[in-house]
Amino acid sequence: MAMRWMICLGFLVLSGPALAELSLPVGYLERQMERPPVLSNLDPVPHDLGAAGAALGIDDNRTTGQFLGHGYELDTVRVAPGEDVVAAAARMLEQTRFLVIDAPAADLLAIADLPEAQGAILFNASAPDTSLREGDCRGNLFHTIPSAAMRADALLQFLQYRRWTALAMISGPHDADVAFADALRRAAVKFGMEIGVEQTWSFDADMRRNAAQEVPLFTQDLGDHDVLLVVDERDDYARYIPYNTWLPRPVAGSDGIVPVAWSRVVEQWGAAQLQGRFSDAAGRDMRSVDYAAWAAVRALGEAVTRTGSDDPATLRAFLLSDAFELAGFKGRPLSFRAWNGQLRQPIPLVTSRALVAQAPLDGFLHQHNEMDTLGIDAPESTCTRFED
């Protein structure tokens, strides 16, 4: 394997652009959020979520870069709740033209609209808002985290594939829950399915003690269905739904079968090697935001390697071209959609202990790329910021 890697690298050096020494500074910006209390603290959010993925991406870039005279440096900035993340971004953009950002949609848009950000390349590593890929898109903002629409389409593809087409849904009251529920409704229409009865979760009782009594009564009026969709983007109550429903039905969405960018249970396509390197470096399992941050940094590294340039305009053009491919340990090469900057990627459908399937599934065809069956396709896109 090592010899094969050296041969491939040698071919790249001989066939690629003329070698030039360069150093690419990359910024990782995290907007720390006040996290509201949830019913269970069994899965605390790691303090280095996302940043650890970016750090691994830098290490991977250096592995290739050392043979080409390309250097990579990572500057990580965390902005505490209440502090000005936009001002922090402006300061970082004085030092680098490349930022990977973990922040809500509103902050991303404010940063992308900064005068300092014009001509820069920004990567969204955490915000799933479909609007960021649609009418609120920005031509300098790429997305390596899947959109809510991509995750919803992946899940509904699987349910359609299994012919589980009669659905009910419980959704939380928060903005992120509302957005993902909307994405599921859109996906149901797209794949010819129906979400029947819907209910909004409004309990504030301690479900650790009361789930067996409260949840069966709460789900009694959902009617007959094949699958119960549960929308809980804050990871608050969904864990208490399986096995407590009035009817014995599978659960999907935020618990049961879950569509994600990444999970520790993804082991095929060389993923175990990526998981192992991340675990060795961070001391924990890789999560979706870690993967998105890693993919952003690696995409930059791949573009620099292939073009031999650190010019943002040159790299942006290459990232959006048909020539760009990223080996993402998901069985298919990843690429960016030229109409909205979203990274095409398969979506694993997982339980806590196993990979159930990976979308797109067999039989869901597309005239150009089957991964474009997930999310907003070019003919329906309202994003105009990526047009030449």
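The values are calculated or read from the model by the stated rules, or taken from the named source; none is laboratory data. Given the structure is predicted, the values throughout are model-derived calculations rather than measurements. Note: ideal-geometry Cβ built from the backbone for every residue, glycine included; neighbour counts use all protein chains shown. The protein model used for the area step is the full one, side chains on, heavy atoms only, and it has no ligands, DNA or RNA in it. Shrake-Rupley method; radii C 1.70, N 1.55, O 1.52, S 1.80 Å.
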- Task: Any chance you could look up the accessible area of Met33 with a 1.4 Å probe, heavy atoms only, rounded to 10 Å²?
- Result: 100 Å²
- Antiparallel content of DSSP bridges confined to the chain, in %, to 5: 20 percent
- Message: Rolling a 1.4 angstrom probe over the protein chains, ignoring ligands and nucleic acids, what is the accessible area of Trp201 in square angstrom, nearest 10?
- Response: 10 Å²
- Query: Ignoring ligands, DNA and RNA, what percent of the accessible area of segment 153-256 is carbon or sulfur (1.4 Å)?
  - Reply: 48 percent
- Message: As a test of the formula, what do you get for the chain when each DSSP H run with n ≥ 4 contributes -39,500 (n - 2.57) and the sum is divided by the residue count, at 222 nm and rounded to the nearest 500 deg cm²/dmol?
- Response: -10500 deg cm²/dmol
- Query: Using a Förster distance of 51 Å, how high is the FRET efficiency between Thr314 and Arg353, based on the Cβ-Cβ distance and rounded to 0.05?
  - Reply: 0.70
- Message: From the phi angles alone, apply the Karplus equation (6.51, -1.76, 1.60; θ = phi - 60°) to segment 318-326 and give each ³J(HN,Hα) in whole Hz, x where the residue is Gly or Pro.
- Response: 5, 4, 8, 8, 5, 6, 7, 9, 10
- Show the residues, 5+ positions off or on another chain, whose built amide H is closer than 5 Å to the amide H of Asp255. Val230
- What nm value, rounded to one decimal, do you get for the distance between Glu267 and Thr76 when each label is placed 7 Å out toward the C-beta? 2.8 nm
- Note on the structure: With 0.36 nm assigned to each residue of separation and the Cα-Cα distance removed, Met33 to Ala378 gains 120.9 nm
- Note on the structure: Correct semi-axes for segment 280-388, from √(5λ) of the alpha-carbon gyration tensor and rounded to whole Å with the largest first, are 25, 21, 12
- Percentage of interatomic Cα-Cα distances in segment 115-262 larger than 21 Å: 46 percent
- Stick to the Cα atoms of segment 45-153, pair each with every other, and give me the Kirkwood hydrodynamic radius in Å at one decimal. 15.0 Å
- Note on the structure: The percentage of the accessible area of segment 314-367 (probe 1.4 Å, all protein chains present) made up of carbon and sulfur atoms, to the nearest whole number, is 52 percent
- Note on the structure: Summed over the other residues with a beta carbon less than 11 angstrom from that of Leu109, with K and R at +1 and D and E at -1, the charge totals -3
- Message: Using a 1.4 Å probe on the protein heavy atoms only, what accessible surface does Ser202 show? Give it in Å² to the nearest 10.
- Response: 90 Å²
- Can you pull the Kirkwood radius for segment 233-310, inverse mean 1/r over Cα pairs, to one decimal in Å? 15.3 Å
- Neighbourhood charge, 11 Å Cβ-Cβ cut-off, centred on Ser171 and excluding it, Lys, Arg +1 and Asp, Glu -1: -4
- Magnitude of the charge dipole, the chain, Cβ model with Lys/Arg +1 and Asp/Glu -1, debye to 20: 1020 debye
- For segment 191-347, the per residue accessible area (1.4 Å probe, Å²) is 42 Å²
- Query: What are the semi-axes of the equivalent ellipsoid for the chain, taken as the square roots of 5 times the Cα gyration tensor eigenvalues, largest first, in whole Å?
  - Reply: 37, 22, 20
- Separation between the Asp182 and Asp59 pseudo-spin-labels, each 7 Å from Cα along Cα→Cβ, expressed in nm? 4.0 nm
- For segment 208-335, size of Cβ-based charge dipole, Lys and Arg +1, Asp and Glu -1, in debye: 320 debye
- Run the dipole for segment 103-238 about the Cα centre, Lys and Arg Cβ at +1, Asp and Glu Cβ at -1, nothing else charged, and hand back the magnitude in debye, nearest 20. 540 debye
- Message: Show me, for segment 248-256, the HN-Hα J-couplings you get by feeding each phi into the Karplus relation (A = 6.51, B = -1.76, C = 1.60, θ = phi - 60°), rounded to Hz, glycine and proline as x.
- Response: x, 10, x, 10, 8, x, 9, 8, x
- Cα lying deepest toward the dipole's positive end in the chain, options Pro216, Leu274, Met193, charges on Cβ: Leu274
- Note on the structure: The simple spin-label model distance between Phe67 and Asp84, using points 7 Å out along Cα→Cβ, in nm, is 4.6 nm
